[in-house]
């Protein structure tokens, strides 16, 4: 993903939102660049939809300011903001055809008929609904209804399009296909998209950058690969993908590495010292399942971290095999292995004694 971004287009400063004593959004600072496809990711109740509604103008922040394209919009009502919103439910009119649904906003704004017809034609072609323009919503699939809602939001040419769980109603296969459609449309139009989602895979696929949110706060903002490979907190590491964690205490520090005494790993774990830690500091070592190698024989590379274990369970997913490995301490970790060769036989079976190993560079050091 290209990390070069345009100048700041949306600026959020010190935004909080209280509902009585409940803090839904807690002192959020955030910059979003022009033309980004930016995702706000978090679980239910984390504050992400409230933050989106503040951007849209449906909620007013208790404290803080919001700027869009250099204009302070904090006190500007939703209908006067250069923003449109696509709701999770799509909210399309069941009694109107596809083209009438799409044209509704322009008709309400009293745009000339010839201009409406031209813009509807352009947007229908963009979202590939030309064969369906006369149909009503009940005659459409879920993916087609999603595209009608998107077209209706886009036709008014907003500077910012806000999308609240836009693909949640679609099944897995259609959702994956529609993600790429959405990316292509956003790239073609160059409109700034801000997406709220609880689906980590969706955020990773769609986004130029992601903000991970919990309990009203932004915990980390970065490109998808940065968030996945370099999580800054234990919550982010746990929330994005699958990860194995080992709690321990720094036992020694050399020029590049830290040694972490970890009872559940049965000894020292090695990691690069990226936090300037010292002996006695408590840390968590985390490692992704795909970074771990599994073998019957001890690994040949002496620099690798190596731990003995037994295969408790395994699953075959076609492209991947998943192993639940019980270490000698009793801790269970997850290992994934790419199935690179075509075979009906498994290389490693249940209850086998094996070794798991990984390189020190794959160890993520978490200090909070």
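The values are calculated or read from the model by the stated rules, or taken from the named source; none is laboratory data. Keep in mind the model is a prediction, meaning the values are calculated, not measured. Cβ placement follows ideal geometry from the backbone for every residue including glycine, while neighbour counts extend to all protein chains displayed.
Being touching a strand residue (DSSP E or B) at 6+ places or on another chain (Cβ under 6 Å), assigned to a loop (DSSP other than H, G, I, E, B) and surrounded by fewer than 19 Cβ atoms within 10 Å (Cβ to Cβ) is the requirement here; does residue 355 meet it? Against the criterion (touching a strand residue (DSSP E or B) at 6+ places or on another chain (Cβ under 6 Å), assigned to a loop (DSSP other than H, G, I, E, B) and surrounded by fewer than 19 Cβ atoms within 10 Å (Cβ to Cβ)), residue 355 does not qualify.
Table: residues versus (1) within 26 Å of residue 95 (Cβ to Cβ); (2) at pLDDT 85 or above; (3) in contact with a helix residue (DSSP H, G or I) (Cβ under 8 Å, 6 or more places away or on another chain); (4) assigned to a loop (DSSP other than H, G, I, E, B).
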{"residue": "122", "(1), (2), (3), (4)": "yes, yes, no, no"}
{"residue": "138", "(1), (2), (3), (4)": "yes, yes, no, no"}
{"residue": "145", "(1), (2), (3), (4)": "yes, yes, yes, no"}
{"residue": "153", "(1), (2), (3), (4)": "yes, yes, no, no"}
{"residue": "183", "(1), (2), (3), (4)": "no, yes, yes, no"}
{"residue": "194", "(1), (2), (3), (4)": "no, yes, yes, no"}
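When 205, 264, 242 are screened for being touching a strand residue (DSSP E or B) at 6+ places or on another chain (Cβ under 7 Å) and assigned to a helix (DSSP H, G or I), only 264 passes. Among the residues of region 233-248, those that are without any contact (Cβ under 8 Å) to a residue 40 or more places away in the chain and within 16 Å of the chain's Cα centre (by Cα) comprise 235, 236, 238.
This table checks each residue for (1) surrounded by fewer than 16 Cβ atoms within 10 Å (Cβ to Cβ); (2) in a loop (DSSP other than H, G, I, E, B).
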{"residue": "61", "(1), (2)": "no, yes"}
{"residue": "64", "(1), (2)": "no, no"}
{"residue": "76", "(1), (2)": "yes, yes"}
{"residue": "79", "(1), (2)": "yes, no"}
{"residue": "95", "(1), (2)": "yes, yes"}
{"residue": "99", "(1), (2)": "no, no"}
{"residue": "102", "(1), (2)": "no, no"}
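Among the residues making up region 18-41, those that are outside any strand (DSSP E or B) and more than 30 Å from residue 187 (Cα to Cα) are 20, 21.
A residue that is in the same structural domain as residue 26 (by TED's automatic domain parsing), touching a strand residue (DSSP E or B) at 6+ places or on another chain (Cβ under 6 Å), in a strand (DSSP E or B) and surrounded by fewer than 22 Cβ atoms within 10 Å (Cβ to Cβ) occurs somewhere in region 156-170.
Within region 209-226, the set of residues being out of contact with any helix residue (DSSP H, G or I) (no Cβ under 7 Å at 6 or more places or on another chain) and part of a helix (DSSP H, G or I) comprises 225, 226.
Given the condition in contact with a strand residue (DSSP E or B) (Cβ under 6 Å, 6 or more places away or on another chain) and either over 18 Å from residue 39 (Cα atoms) or assigned by TED's automatic domain parsing to the domain that holds residue 85 (or both), answer yes or no: does some residue in region 172-184 qualify? No: region 172-184 contains no residue that is in contact with a strand residue (DSSP E or B) (Cβ under 6 Å, 6 or more places away or on another chain) and either over 18 Å from residue 39 (Cα atoms) or assigned by TED's automatic domain parsing to the domain that holds residue 85 (or both).
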